[in-house]
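First up is the structure itself, then whatever we jot down about it.
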Amino acid sequence: MRMNKYNLIFLGPPGAGKGTVAKDVVERLGVPHISTGDMLRDAVSTGTDLGNKVKSVMESGQLVSDELLFDLVKDRLSKRDCEKGFILDGYPRNVNQAKALDQIMDELNLELTSVIFLDVSEEEVVKRISNRRVCPKCSRVYNLISLQPKKDTLCDDDDTPLIQREDDKPETVRKRYQIYSEKTAPLVEYYRNRNQIITIDASGTVDKVDEIVFNTLEELR
Ligand SMILES: [Zn+2]
């Protein structure tokens, strides 16, 4: 069977490198990367009825409901640039949304190719994120292991001492990882039961993970 479409979902904990890998896949396959955040922002900026609804919900500080997300995702996946496929990132987040997505794809006559699950341990995620440092002046991001500043702990651009964000502290990272695991485990199970999940060992470097993902996608053809 030769697939000419890649309708993909990317799953993975914060720090798995999901965004970076998705970007590289987008470049190679020429399919859009659809993250929930971008989708919401785009909808708001278009000023359509749907976009205005999202805007008022976001401005009131409430969470965007599953119903609204349903309409948004359906609208987004029916756009022309999704003809060759897409990468969904950040949606679905739970089993209810996965079921909603099934319905959307049914209605649009689309078929899910695979769910790419970037699997990485809590220890590895803590190691990666807790080594992040940020310049408080220009917001440039460093990593003490993989993306070191030239001068010890000073920003290359403006010599400002780098700081560690609250979000990047080990305790916070562990908490986020646990919340993520609890929410995502049933989702992984849902797709595993349908033989749609492909687990990728994401503990290596970005290049290594890219290579595994590309080889996997190649095999799907
Ligand atoms: Zn700086």
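Worth pointing out:
- Cβ pairs under 7 Å, 6+ apart, first in the range 78-89 and within 13 Å of Leu110 (Cα to Cα) and of a type in the set (Asp, Glu), second modelled with pLDDT of 95 or more and in a loop (DSSP other than H, G, I, E, B): none
- Residue pairs meeting the criteria (Cβ under 8 Å; at least 6 apart or on separate chains; first without any contact (Cβ under 8 Å) to a residue 12 or more places away in the chain and over 16 Å from Ala100 (Cα atoms), in the range 170-194; second surrounded by fewer than 12 Cβ atoms within 10 Å (Cβ to Cβ) and not β-branched (Val, Ile, Thr)): Thr172/Glu166
Yes/no matrix, rows are residues, columns are (1) in a helix (DSSP H, G or I); (2) within 20 Å of the chain's Cα centre (by Cα); (3) aromatic (Phe, Trp, Tyr); (4) under 24 Å from Ile9 (Cβ atoms):
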{"residue": "Met39", "(1), (2), (3), (4)": "yes, yes, no, yes"}
{"residue": "Ala43", "(1), (2), (3), (4)": "yes, yes, no, yes"}
{"residue": "Asn52", "(1), (2), (3), (4)": "yes, no, no, no"}
{"residue": "Ser56", "(1), (2), (3), (4)": "yes, no, no, no"}
{"residue": "Leu63", "(1), (2), (3), (4)": "no, yes, no, yes"}
{"residue": "Glu67", "(1), (2), (3), (4)": "yes, no, no, yes"}
{"residue": "Val73", "(1), (2), (3), (4)": "yes, yes, no, yes"}
{"residue": "Asp81", "(1), (2), (3), (4)": "yes, yes, no, yes"}
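- Apart from one condition, Gln103 fits all of (1) surrounded by 13 or more Cβ atoms within 10 Å (Cβ to Cβ); (2) away from the ligand (no atom under 16 Å from the Cβ); the exception is (1).
- The range 127-143: number of residues that are near the ligand (Cβ under 7 Å from one of its atoms) and surrounded by fewer than 20 Cβ atoms within 10 Å (Cβ to Cβ): 3
- Selection within the range 137-152 - within 24 Å of Glu123 (Cβ to Cβ) and touching a residue at least 12 places away in the same chain (Cβ under 8 Å): Tyr142, Asn143, Leu144, Ile145, Ser146
- Phe70 being in contact with a strand residue (DSSP E or B) (Cβ under 6 Å, 6 or more places away or on another chain) and aromatic (Phe, Trp, Tyr): no
- When residues in the range 27-40 are screened for being loosely packed, with under 15 Cβ neighbours inside 10 Å, closer than 18 Å to Tyr91 by Cα and in contact (Cβ under 8 Å) with a residue 40 or more places away in the chain, 1 of them pass.
- Given (1) under 24 Å from Pro13 (Cβ atoms); (2) outside any loop (DSSP other than H, G, I, E, B), number of the condition Gln103 does not satisfy: (1)
- Looking across the range 146-187, the residues that are surrounded by fewer than 16 Cβ atoms within 10 Å (Cβ to Cβ), under 23 Å from the mean Cα position of the chain (by Cα) and of a type in the set (Val, Ile, Thr) come down to Thr172, Ile179.
The values are calculated or read from the model by the stated rules, or taken from the named source; none is laboratory data. Because the structure is a prediction, the values reported are computed rather than measured. Backbone-built Cβ (ideal geometry, glycine too); neighbour counts: all protein chains shown.
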